[in-house]
Every structure is written in structure tokens, then in C-alpha cells.
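Working notes, structure below.
The values are calculated or read from the model by the stated rules, or taken from the named source; none is laboratory data. Keep in mind that what you see is a predicted model, and the values were worked out from it rather than measured. We place every Cβ from the backbone using ideal geometry, glycine too, and count neighbours over all the protein chains shown. Calculation scope for accessible area: heavy atoms of the full protein, side chains included, ligands and nucleic acids excluded. Shrake-Rupley method; radii C 1.70, N 1.55, O 1.52, S 1.80 Å.
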Amino acid sequence: MVMFRKAVSPVVATVLLLVLTIIIGGIVFSVVIPFVNDKLGDSKDCLDTFEGVEFPESRFNCYDSNSSETGFSVKINKEKISKVKVGLINNNGNSDVYDIYNGSTVSNLRVLGANPDDPLTFPSVGGQRTYVTTGVYQKAEISALTASGEVCSVADTIEFEPCNGVSF
């Protein structure tokens, strides 16, 4: 005597496996995505500034030993950048760091052609501005600052040459 057992059809089994997989995936993503967003915090703002600031080629990217001044140009390529941090490094390895944004006043730093007491102006998107600082520096690094004040990684570096035919 042969006994017949009822079994789940292959179609129903496949559908059940698919539904189970979708449910498990949904649970994993509902836990993982908030966890990652929480751990990233404001650092994801730095992703929006990637390649957004640079030292463009300029004849003013140089130092003048006679006047003890160094000039550098800053170019903004992305909308979300309204502040930068510039580190200027001298030949002894010492550095001076400046936060540059619209209206900031920084001793020893001015916009090219402006009075030393005038507030700094910040370049608009696609524009550039040249700054002059007191001191002879060999190298500079620039980083974007997020709206929350977080310093992003160094976006560009430049090595200064002696000025030829340029006066600040």
C-alpha cells in the first residue's frame, strides 16, 4: 500500500523563501542605515565639499623675502563651502593657521589690494580671491570647514616660489 503525503508545491516554497528574504533584508536595512548615519554624524558634510576648494595657479602664489610677505589664491568650486582653514608652513616647519570666511578679521592677513584692517572677503562659487600674509612661508595646506565647524581633510597643498615681478 502506497501512502501519499501532501507536500508544499515548489512554487509556494519559492514564494515563501522570497518573502522571508525580503523581510530579513528589510530588518537588516532598518538597523544598519540609521546606525551608519548616526556614526557618520556631521562627517558626511565633508563628502559634499570634496574637491570644492583649491589653490589655483596664480602668479601671486609666492613669497617676497624683501617685504616678508607671502601671497596665495583660493578658489571655491562648490556651493556648500563658505569657510576654509589655511595652514601656512615656514622653512622651520612652524605653521600659522587661519580661518577665512566673509567678514572675518585676521591679524597679519588681508585681501590683495585691501587695507590690513578691512574684513576679509570670501570668493563666490567659481571665483577666487588672493590673500597676503605677513611672513615668509614655504608651503600651505587648505581644508574646507563644514557649517558645524568640522575641519575636513586637506583638499590641496601648494609650495611657494620666490616672487618674480610681483609686489603685494
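Among LEU16, LEU109, LEU120, determine the one that fluctuates most according to a GNM of the chain built with springs between C-alpha atoms less than 10 Å apart.
So, out of LEU16, LEU109, LEU120, the one fluctuating most is LEU16.
Just to be sure I understand, if you calculate mean projected area of the Cα convex hull in nm² for this structure, which of (1) 10.1; (2) 9.6; (3) 16.4 do you get?
Step by step, mean projected area of the Cα convex hull in nm² for this structure corresponds to label (3).
Ignoring ligands, DNA and RNA, what percent of the accessible area of segment 74-168 is carbon or sulfur (1.4 Å)?
Here it works out to 41 percent.
What is the extension gain from LEU112 to SER65, computed as 0.36 nm multiplied by their sequence separation minus the C-alpha to C-alpha distance, in nm to one decimal?
Taking LEU112 through SER65 to full extension adds about 15.2 nm, to one decimal.
Using a 1.4 Å probe, what is the accessible area per residue for segment 115-168, in Å²? Mind showing how you got there, number by number?
Values: 2820 Å² over 54 residues.
Per residue, segment 115-168 has 52 Å² of solvent-accessible surface.
Report D for segment 79-168 in µm² per second (integer): Stokes-Einstein, Kirkwood Rh on Cα pairs, 37 °C, 0.692 mPa s. The partial results should precede the final answer.
On the way: Rh = 14.0 Å.
Rounded to a whole number, D works out at 235 µm²/s.
Which order do the peptides 127-138, 19-30, 69-80, 151-162 take when ranked by the mean count of other beta-carbon atoms within 10 Å per residue, highest first?
So the order, starting with the most tightly packed, is 69-80, 127-138, 151-162, 19-30.
Given the rule -39500 (n - 2.57) for each run of at least 4 DSSP H residues, summed and divided by the residues of the chain, what is its mean residue ellipticity at 222 nm, to the nearest 500 deg cm²/dmol? Before the final figure, lay out the partial values.
Working: 2 runs with 36 residues, N = 168.
One gets -7500 deg cm²/dmol as the mean residue ellipticity at 222 nm.
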